[in-house]
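Structure first, commentary second.
Values quoted throughout were computed directly from the atomic coordinates according to the rules given, and no laboratory measurement underlies them. What you see is a predicted model; the values in this text were computed from it and never measured. Here the Cβ positions follow ideal geometry from the backbone for every residue, glycine too, while neighbour counts run over all protein chains shown.
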Amino acid sequence: MKGVTLIPVPDTAIIVVAAGSGTRLDGGAPKAFVGIDVHSILRHALDGVFAAAPAQVIVVAPSGFEGDAETELRAAAGDRIDLGRVVTGGGTRQQSVAAGLDALWGDVRTVLVHDAARALTPPALIDAVRAAVDADTGILPTLPVVDTLKRVDGDEVVGPIDRSELAAAQTPQGFPRPLLERAYERALADGVEYTDDAALFAAAGHTVRHIDGSARGFKITTPADLERARHLLAEERPAATPAAPSPVDAQPPSVARVGIGTDVHAFGGDGTLWLAGIEWPAERPLSGHSDGDAVAHAIVDALLGAAGLGDIGEHFGTAHPEYAGAHADVFLARTRELLAESGFEIGNVSAQFQGNRPRFSARRAEAERALSAALGGAPVSVTATTTDGLGFTGHGEGISVTAIALIHSNGLRAGKES
């Protein structure tokens, strides 16, 4: 049709494996959702993936964190969101990759499998792996082993190991789809676990070649690795420079607006309690269409009300089944997008909930960080109070929340208020 640009369907897919628990990292969450700076490990990995050539992107998330993964995927994808999808991982890495393979589009002929933990992998390496895959051969990015290696027996050094024959494997690892799918079918049927996809592919009798990897493609496994990633990003972040002053009439006047939101949820849902953007494993859950996070929902209503964009039911209610079970970060990130699309920025948010439980003060800072991160860094304060045993909150039947939000416009798209 004249005037319509057809975007070709990519023939390559990138499966981003983010379903690991990250016990060695001990970051208080599954590894992929631990923060490096203002963004998570997964977000940094996806930023690299979407900076590479267009491909179908499948994020394999741990059960219960699909909503978190969806938030990170949407933030990284931008206008390529139609290329992205989140699926639930399995109990092992191979089961998780298999779940990703099940989600491939029919046009995909080349599959790259990438560990989210290799969050700083350059887009150029992703493209190089993709370009090197052919119909019969898998591709493995590697780095030479530079340390002197020794074979040991207990505390005794037995002898040297010739490092010229060794290489350190990285991801993404690329494969022709038909051969990889058959290799996975065989491995799953045999119940054999391999250390990586290249080993699984080679065990099925196929050839794997290596190309040069990248020092930035290191795997974040321990707290020391996380600090290394943080230092690298800090070194690359440009120093802030003062903006040049502009004439008084160069920018339209900023317009401030205030909104108020309230939400009430009863105890009695399934699973665990989610409140103020964090999980409370030992507490009774709240019931609701999503996770019942009354604090987050009140904040959403306050922000939408301030911008004149309706309420939470209009944008996230039962008519939107895609938000069933979603957590605060999904709601808040989407609300921030709605405000931005209407020309508004968030100033700050304050919320207070009434209830006897959970005991909030010890985790206040953690909750405020989580909520602020979901709102793009806008300041968020949360307080809690009881009602001295009065009313449904005092009787322990549920939680009530009131939130107030300040937003402002730059006058360009939404600054026509009187």
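Per-structure values
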item: Cα gyration tensor, the chain - rounded (a/c under 1.5), prolate or oblate; result: prolate
item: Under the Karplus curve 6.51 cos²θ - 1.76 cosθ + 1.60, θ = phi - 60°, whole-Hz ³J(HN,Hα) for segment 197-213, x wherever Gly or Pro sits; result: 6, 5, 5, 5, 5, 5, 5, 7, x, 9, 7, 10, 9, 10, 10, 5, x
item: Listed peptides 109-120, 72-83 by packing density, highest first (mean Cβ within 10 Å); result: 109-120, 72-83
item: Segment 254-409 - percent relative contact order, Cα under 8 Å, separation 6 or more; result: 34 percent
item: Full-extension gain in nm, ILE161 to VAL145, via 0.36 nm per residue minus C-alpha separation; result: 4.6 nm
item: Dipole of the chain, positive direction: furthest Cα of LEU143, ALA362, VAL86, with charges on the beta-carbon; result: LEU143
item: Unit charges at the beta carbon, dipole of the chain: most positive-side option, VAL401, ALA234, ALA351; result: ALA234
item: Antiparallel %, DSSP beta bridges [both residues in the chain], to 5; result: 60 percent
item: Distance between segment 264-304 and segment 159-187 - C-alpha centres, whole angstrom; result: 44 Å
item: Student exercise, the chain dipole from Lys, Arg, Asp, Glu Cβ charges, in Debye to nearest 20; result: 480 debye
